[in-house]
Amino acid sequence: MIQTLPLTGHCPRCEADARRLAYQRRYTLKSGQEVRVLRCRDCRKTFCDRFGTAFYDLKTPEEKVRRALHQGIEGLCPEAVARIEQVHPTTVQRWVARAALQAQAADQKVITHVTTENIEWDELYSFAGAKHPDEAAGDPAEVGQHWTHCAMARESRLWLAVVVGPRTEESATKLVEDAAQRLAPACWPLWSSDGWAPYVTAQVLVFAVVIHFIHPKRRGRPKAPQVVPDPRLRYGQVVKERVGRRLIAVTRRVVFGVAELIPLSQISTTLLERLNGTIRQHIVPLHRKTRSFAKCRTALETQTLFFKGYDNLCRPPGTLKGKTPAQAAGLSDHRWTLRELLTYNAAVTSKIP
Ligand SMILES: [Zn+2]
């Protein structure tokens, strides 16, 4: 006898609605946890309710995996976590990779249609493998100096996009593209960054519009169409002048938009620099002068993506009165637990908005 449960998830194989999932049987793991087996009426596949989550097919008790991941995301290096939980460091890294997939899926689903007045963006220096690798060191896309580029919505402290890679125009363009995709269609915020020149090119590339000129009724060739930044785009830069390590002057300038309508005090990256501090604290390879630097770019990216989901959905910053950035932006009605983030892709999850 198949009985239908009031589920709020979806089929992890064919995305069918939860109402198409039917309960079949249950079994108990060694750890005492009960696992339900479900069957989808659409794709006719059977799977357990841990399918697609960070815990699927792991022999280690769920609680231990969750605890290890929590220790890692709060700034403990993988070796330390491995010693506390008495597992191999590689095992911890494998768990982090699973967690990153969950966090990414949840983040992509929830952090969308964001409305904000200001976006700040910047990048954090770090390296993978070696700061100055020789040619035999391996793939230059993986080893060497890599920056963590971040874009943040100022009011809600929502982390919109992150790109881990070399400090190039491509990385900057990808960051702007990713951040713009998370915005609501009618949202045209003021972008603020430091004075790095490729940022301007990145903005033009992403927000370009083509102007076609009307052919005049006189002789001669028609004027060729022109590519210009969208007139709704507003972008300002904070340029800091330093002598040695000492800051001597800060100038703010409007790059795109009507200068008279943009108050210069609005152009700022202060709050993102505060987030950078938090990021360095929580993502172990980004600690200063650490021996736990990332061994390849992918490892750094994995940790960063995990922390992005955790920071947006689970971790309230000090300034938002106990709310997470997703709550502050009105995208989630509650503070997510770490377990909720790790089981996001499950057939049965409790609180998907
Ligand atoms: Zn299905």
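The values are calculated or read from the model by the stated rules, or taken from the named source; none is laboratory data. These numbers come from a predicted model, not from an experiment. Note that each Cβ is placed from the backbone with ideal geometry, even for glycine, and that neighbours are counted across all protein chains shown.
Identify all residues within region 164-208 that are in a helix (DSSP H, G or I), crowded, with 18+ Cβ neighbours inside 10 Å and in contact with a Lys or Arg (Cβ under 9 Å, 6 or more places away or on another chain); write none if there are none. A202, the sole residue that qualifies. The condition (being under 18 Å from the mean Cα position of the chain (by Cα), at pLDDT 90 or above, over 20 Å from T91 (Cβ atoms) and buried (at least 17 other Cβ atoms within 10 Å of the Cβ)) is satisfied by just one residue among G309, G330: G309.
Which ones in region 52-74 are loosely packed, with under 15 Cβ neighbours inside 10 Å and closer than 19 Å to F307 by Cβ? Answer for region 52-74, where residues must be loosely packed, with under 15 Cβ neighbours inside 10 Å and closer than 19 Å to F307 by Cβ: just E74.
Taking the criterion of being within 28 Å of N312 (Cα to Cα) and surrounded by fewer than 20 Cβ atoms within 10 Å (Cβ to Cβ), the residues of region 125-140 that qualify are Y125, F127. Here region 1-26 is the region considered, the condition is being within 32 Å of the chain's Cα centre (by Cα) and more than 14 Å from the ligand (Cβ to nearest atom), and the residue that is modelled with the lowest pLDDT is P6.
Selection within region 27-51: residues that are more than 15 Å from the ligand (Cβ to nearest atom) and in a loop (DSSP other than H, G, I, E, B). The member of this set that is nearest to D17 (Cα to Cα) is R50.
For region 80-93, the count of residues that are more than 30 Å from L233 (Cα to Cα), buried (at least 20 other Cβ atoms within 10 Å of the Cβ), more than 16 Å from the ligand (Cβ to nearest atom) and touching a residue at least 40 places away in the same chain (Cβ under 8 Å) is zero. Among the residues making up region 136-179, those that are over 20 Å from F307 (Cα atoms), out of contact with any helix residue (DSSP H, G or I) (no Cβ under 6 Å at 6 or more places or on another chain) and of a type in the set (A, V, I, L, M) are A136, A137, A141.
From the list R274, R253, the one residue that fits, being over 19 Å from A197 (Cα atoms) and not hydrophobic (A, V, I, L, M, F, W, C), is R274.
Looking across L76, L58, L69, one residue alone is in a loop (DSSP other than H, G, I, E, B), within 23 Å of the chain's Cα centre (by Cα) and away from the ligand (no atom under 16 Å from the Cβ). It is L76.
Within region 256-265, one or more residues are in a strand (DSSP E or B) and either among the polar types (S, T, N, Q) or without any contact (Cβ under 8 Å) to a residue 60 or more places away in the chain (or both).
Return only the number of the condition from (1) within 25 Å of the chain's Cα centre (by Cα); (2) free of Cβ contacts under 8 Å to residues at least 40 places away in the same chain that V114 does not satisfy. Result: V114 fails condition (2) only.
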